[in-house]
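Okay, structure first, notes after.
The values are calculated or read from the model by the stated rules, or taken from the named source; none is laboratory data. Because the structure is a prediction, the values reported are computed rather than measured. FYI the Cβ positions are ideal-geometry reconstructions off the backbone, even for glycines, and counts take in every protein chain you see.
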Amino acid sequence: MPTLLLIGPLPEPKGGISIHIQRLGRLLENDFNVRYVDESREIKPGLYNIRSKKLSPYLQLIRSADIVHIQSSPTVLRCFHLLIAKLLFRKRVLITIHSIWRKSASEIQLIKLVLKLADKVITVNSDISEKLGLVNSVVQPAFIPPVLDSEPDLPEMVEKWLEKQKTQSRKIITANAFRIELHEGKDLYGIDLCIEMMRRLVHDKGLQISLVFIISSLDQAGSRLEEYLQRIKEWKLEDHVLLTCTSLSFVRLINQSDIVLRPTCTDGDALTVRESLYLNKPVIASDVVVRPAGTILFKNRNLSDLCARVISLINDRGQTHNAIKQGNNYRVFYKNLYYY
């Protein structure tokens, strides 16, 4: 059985890339001897992490692999893995570009140069391919359907909170963030926007709704979380908004939701959006990138437009949000991708 080495972050914490790598490994475990190089900030027992700075086991993992699939985000790591795997060990190397939104012009040029060494480049949307000037790349969204039966139950605290909201006949709105982060001075994941939306819709419009906003990792942003929690308290939204940093299966939370939000001010190909569509849940997302068919768009950082979209769904004004069922055979796709 050939050995496939997947390089990139793995849960915990959970994020779009880490969940994709985890699902991809499970999808192909009967076809490949799957190994990992983890890049997440949390070092797990029994799993090699590049942050351990131990070079010998890293080189052994590269040496023993037949195929190396790099899904790193930091440019320096992406280039390092590619140079080691291709130039030092002459391996077949594939690289997935999930996003380039924080890359400087010099980094973009470096990425373009180094990508020429890869046997195959995958981008999660055509916009990335165009910005990098790639002509032979494969565009493939970073989505592999979840297997709900294999997903862990939601934490008891979250389950009880949801039950309480549902007993009061409130619609459940959910959103998530990998961490609290700023982009051009604005909250990247739109946490502030969601809290302000709730104040307007609950207090001004009298809607019976609740919001669950999950943050995967604080990553030294605890003070900003406290600021948001204080805002929720001052605006008397504690009974309507659950903002918490916790690890859970977000796809299970989506399954219990009425509406899903993706109010990011920049994005790649959001797993949250595709999972919502897959589960036939209406999803409202910012118009910062091309979204999958079926997504309800609102103008980026426009609170009034976001509120209008939510009100429209609550009032059921004929919005179309049918599931976009995925016809791809993902296992066959990736097996072919690795060999041809």
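Quick look at the values:
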| item | result |
| --- | --- |
| Residue within region 160-172 that is free of Cβ contacts under 8 Å to residues at least 60 places away in the same chain and closer than 26 Å to VAL290 by Cα present | no |
| Among (1) under 18 Å from GLN230 (Cα atoms); (2) in contact with a Gly (Cβ under 7 Å, 6 or more places away or on another chain) - the single one ASP187 does not satisfy | (2) |
| Residue under evaluation LYS166, criteria (1) over 21 Å from LYS281 (Cα atoms); (2) at pLDDT 90 or above, criterion not met | (1) |
| LYS299, sole failed condition from (1) charged (D, E, K, R); (2) modelled with pLDDT under 95; (3) in contact with a helix residue (DSSP H, G or I) (Cβ under 6 Å, 6 or more places away or on another chain) | (2) |
| Filter result (surrounded by fewer than 17 Cβ atoms within 10 Å (Cβ to Cβ) and among the hydroxyl-bearing types (Ser, Thr, Tyr)) within region 148-184 | SER150, THR167, SER169 |
| Members of region 61-80 that are crowded, with 18+ Cβ neighbours inside 10 Å, over 20 Å from the mean Cα position of the chain (by Cα) and either among the β-branched types (Val, Ile, Thr) or within 20 Å of TYR334 (Cα to Cα) (or both) | ILE62, ALA65, ILE67, VAL68 |
| Given (1) closer than 30 Å to LYS112 by Cβ; (2) buried (at least 17 other Cβ atoms within 10 Å of the Cβ); (3) polar (S, T, N, Q); (4) more than 19 Å from the chain's Cα centre (by Cα), number of the condition ASN136 does not satisfy | (2) |
| Residues located in region 152-175, provided they are within 27 Å of SER312 (Cα to Cα), among the basic types (Lys, Arg) and part of a helix (DSSP H, G or I) | LYS164, LYS166 |
